[in-house]
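Following: one structure in structure tokens, then a few remarks.
No value in this document is a laboratory result; all are computed from the given coordinates. Note that the structure is a prediction, hence the values are computed from the model and not measured. Positions of Cβ are generated from backbone atoms using ideal geometry, with glycine treated the same way; all protein chains shown enter the neighbour counts.
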């Protein structure tokens, strides 16, 4: 498809397990973002990738969270030793960096439930 | 840095009534402003945006928002809502020259028949 694709759409895991969430951005988009959406908390910025530059990791809540972007395209968000407070919808978005509109295109998200 | 405040977490309104969803922002630089909508079980979609020019911007489905620099606001309005407008609405800001968007906490618009 032409949109941002995320997988899995739903993930249920046990506390202490590691999880990987995948994002496939729109082809040609150089910028990729991860946000976390928790009930009543809105969208919380996690990490931002732009081309080959070092990522902006300022939003990652702890060192259990990490993300990679391989070949300037697909990204994986990894949460190690999951905790119940990690339960949320993780949203990925992509955009053109050099078009100064600021519009982000979002995937449908990966809903993570930690039991 | 920028911040966005959406004062109302929920707004219930009757069908065909007008609605206003409030958004205020703070920024030390000039900004671009956005409203995104999230329908149930879907991702966020851009509803409308202000980049420059006319301070009143409109969407294709009847929503409009007005950029008010003196009041640092970008309230979203619709003169007559429909059941299908039930969704979560997020206001967002981006500082000029910055990357990414800062979002408000969202307002859940609930349309009552």
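Here are some notes:
- Every residue from the range B:28-49 that is under 25 Å from residue B:97 (Cβ atoms) and surrounded by fewer than 19 Cβ atoms within 10 Å (Cβ to Cβ): B:28, B:29, B:30, B:46
- At least 1 residues being within 13 Å of another protein chain (Cβ to nearest Cβ) and over 10 Å from the mean Cα position of the chain (by Cα) is the threshold, and among the strands (runs of 3 or more DSSP E) wholly inside the range A:10-74 those reaching it are A:10-13, A:31-38, A:42-50.
- Flag for residue B:83 being surrounded by fewer than 17 Cβ atoms within 10 Å (Cβ to Cβ), within 18 Å of residue B:7 (Cβ to Cβ) and more than 10 Å from chain A (Cβ to nearest Cβ): no
- Per-region count, the range A:76-98, residues more than 21 Å from residue B:38 (Cβ to Cβ) and more than 11 Å from chain B (Cβ to nearest Cβ): 11
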